[in-house]
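Comments concern the structure below.
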Amino acid sequence: LVIAADEGVMPQTREHLAIVQMLHVARGIVVLTKRDLVDADWAAMVARDARELVKGTALEHAPIVECSATTGEGVDALLATLDRELAQVGERAANDAARLPVDRVFTMEGFGTVVTGTLWRGRIATGDTLTLLPGAHDVRVRRVQVHGDTVDAAFAGQRTALALHGVEKSQIERGDWLVAGDALKPSRLLDVRFELLVDAGREFKSESRVRFHLGASELIGRLVLLEGKALAPGESALAQLRLETPAVAARGDRFVIRNWSPSRTIGGGVVIEPVG
């Protein structure tokens with residue numbers, strides 16, 4: 001959770017923390033950046049504000065690290081803290097069917113179409129055949145890289161770049177998915193459990209137009225409450241998302257909901273079942 005030391009806790013910081021909570025992130029680090037721009041007293045005040053902010057959340061006991069990208073102060077401590085925290089996180093299962101949310105696509109000379117993303121599940125190896133969803137287009141993996149290094153395979157949790165054969169850059173966009181097998185199907189209807197943030201500001205009315213965030217995708221649709229016509233801040237209810245374009249979702253996926261306008265995080269939840 002990044003907080004600029006010269007600005008302190010801002011509305012955007014609170015929104016980032018709300019997203020952390022909606023996604024059920026269990027571990028984290030609070031990082032105070034731009035440490036070179038403030039004195040020790042100011043930095044201590046911002047650290048106290050940050051600790052107060054995360055009280056009662058999964059980050060309540062998270063380490064707080066001060067650093068500066070300009071001077072390099074605290075960078076070694078940040079890297080050491082990341083290593084220490086990661087050592088306490090279990091590895092994801094590599095035997096699940098591969099699932100990669102595409103967050104960037106570009107063309108590289110000698111490689112063709114390249115996509116990047118963080119591998120959610122399974123493993124992807126050179127030569128694998130994957131399906132690009134929601135368009136149901138089959139592609140073959142020509143090369144796999146993890147943090148710039150060419151590898152035989154990438155595993156769940158790793159930042160991954162894939163050079164693909166059989167698809168043009170114009171056929172892929174941010175928010176698409178690469179998956180192995182046929183376990184996932186695009187759907188415009190999702191049965192969900194929706195939770196409205198305590199500080200949402202006002203009640204949520206059924207059938208409101210919303211922005212649905214899953215993986216790297218932002219989809220527009222209406223959220224229909226199945227338990228009443230409105231939801232008060234801090235409450236949750238069964239609901240159905242009726243999307244204008246299909247989502248590639250699986251049972252148990254965590255998602256974030258933002259207002260249609262103005263765009264602001266108001267809640268999130270979990271997918272119970274894609275419908276059809």
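Residue under question is residue 30, and the condition is that it be under 17 Å from residue 199 (Cβ atoms) and open to solvent by less than 30 Å² (accessible area, probe 1.4 Å); does it hold?
No.
Consider residue 142 carefully, then state whether it is basic (Lys, Arg) and either touching a helix residue (DSSP H, G or I) at 6+ places or on another chain (Cβ under 7 Å) or more than 25 Å from residue 254 (Cβ to Cβ) (or both).
So residue 142 passes the test.
Can you pull out every residue in segment 38-75 that is part of a helix (DSSP H, G or I), hydrophobic (A, V, I, L, M, F, W, C), within 21 Å of residue 22 (Cβ to Cβ) and open to solvent by 20 Å² or more (accessible area, probe 1.4 Å)?
Passing the criteria: only 53.
Select from segment 1-27 the residues that are in contact with a Lys or Arg (Cβ under 6 Å, 6 or more places away or on another chain) and open to solvent by less than 30 Å² (accessible area, probe 1.4 Å) and list them in ascending order.
Hits for segment 1-27 are 4, 5.
Looking only at segment 201-211, decide whether some residue is charged (D, E, K, R) and within 30 Å of residue 130 (Cβ to Cβ).
yes
Tally time: how many residues in segment 76-108 are over 19 Å from residue 215 (Cα atoms), open to solvent by 70 Å² or more (accessible area, probe 1.4 Å) and over 19 Å from the mean Cα position of the chain (by Cα)?
9
What single numbered condition from (1) surrounded by 17 or more Cβ atoms within 10 Å (Cβ to Cβ); (2) within 19 Å of the chain's Cα centre (by Cα); (3) under 27 Å from residue 97 (Cβ atoms) fails to hold for residue 258?
Result: residue 258 passes all but (3).
Which members of segment 226-255 meet the condition of being closer than 23 Å to residue 15 by Cβ and open to solvent by less than 50 Å² (accessible area, probe 1.4 Å)?
Those that are closer than 23 Å to residue 15 by Cβ and open to solvent by less than 50 Å² (accessible area, probe 1.4 Å): 230, 231, 232, 234, 237, 239, 241, 243, 247, 249, 253, 255.
Identify, by number, the condition in (1) closer than 30 Å to residue 187 by Cβ; (2) within 20 Å of the chain's Cα centre (by Cα); (3) without any contact (Cβ under 8 Å) to a residue 12 or more places away in the chain that residue 158 doesn't meet.
Of everything listed in (1) closer than 30 Å to residue 187 by Cβ; (2) within 20 Å of the chain's Cα centre (by Cα); (3) without any contact (Cβ under 8 Å) to a residue 12 or more places away in the chain, residue 158 misses just condition (3).
Would you please name the residue that is least open to solvent (accessible area, probe 1.4 Å), looking only at residues in segment 184-200 that are under 17 Å from residue 215 (Cα atoms) and out of contact with any strand residue (DSSP E or B) (no Cβ under 6 Å at 6 or more places or on another chain)?
Looking at the filtered set, the residue picked out is 184.
If residue 100 meets every condition in (1) closer than 30 Å to residue 181 by Cα; (2) out of contact with any Gly (no Cβ under 7 Å at 6 or more places or on another chain) apart from one, which number is that one?
Unmet condition: (2).
Yes/no matrix, rows are residues, columns are (1) within 27 Å of residue 265 (Cα to Cα); (2) not aliphatic (A, V, I, L, M):
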site	(1), (2)
14	yes, yes
24	yes, yes
59	yes, no
72	no, yes
76	no, yes
86	no, no
100	yes, no
103	yes, yes
112	no, yes
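Looking only at segment 209-217, decide whether some residue is open to solvent by less than 40 Å² (accessible area, probe 1.4 Å), among the polar types (S, T, N, Q), modelled with pLDDT of 95 or more and in a strand (DSSP E or B).
Checked against the condition, which is being open to solvent by less than 40 Å² (accessible area, probe 1.4 Å), among the polar types (S, T, N, Q), modelled with pLDDT of 95 or more and in a strand (DSSP E or B), segment 209-217 yields at least one hit.
Of the residues that sit in segment 261-276 and are open to solvent by 50 Å² or more (accessible area, probe 1.4 Å) and not charged (D, E, K, R), which one is farthest from the chain's Cα centre (by Cα)?
Ranking the candidates gives 276 first.
Evaluate the following for residue 129: is it over 20 Å from residue 253 (Cα atoms), open to solvent by 20 Å² or more (accessible area, probe 1.4 Å) and touching a strand residue (DSSP E or B) at 6+ places or on another chain (Cβ under 9 Å)?
For residue 129, the condition - over 20 Å from residue 253 (Cα atoms), open to solvent by 20 Å² or more (accessible area, probe 1.4 Å) and touching a strand residue (DSSP E or B) at 6+ places or on another chain (Cβ under 9 Å) - is met.
The values are calculated or read from the model by the stated rules, or taken from the named source; none is laboratory data. Nothing here was measured: the structure is a model prediction, and the numbers come from that model. Here the Cβ is made from the backbone with ideal geometry for all residues, glycine too, and neighbour counts use every protein chain on show. The area values use the complete protein model at the heavy-atom level, side chains included, leaving out ligands, DNA and RNA. Shrake-Rupley method; radii C 1.70, N 1.55, O 1.52, S 1.80 Å.
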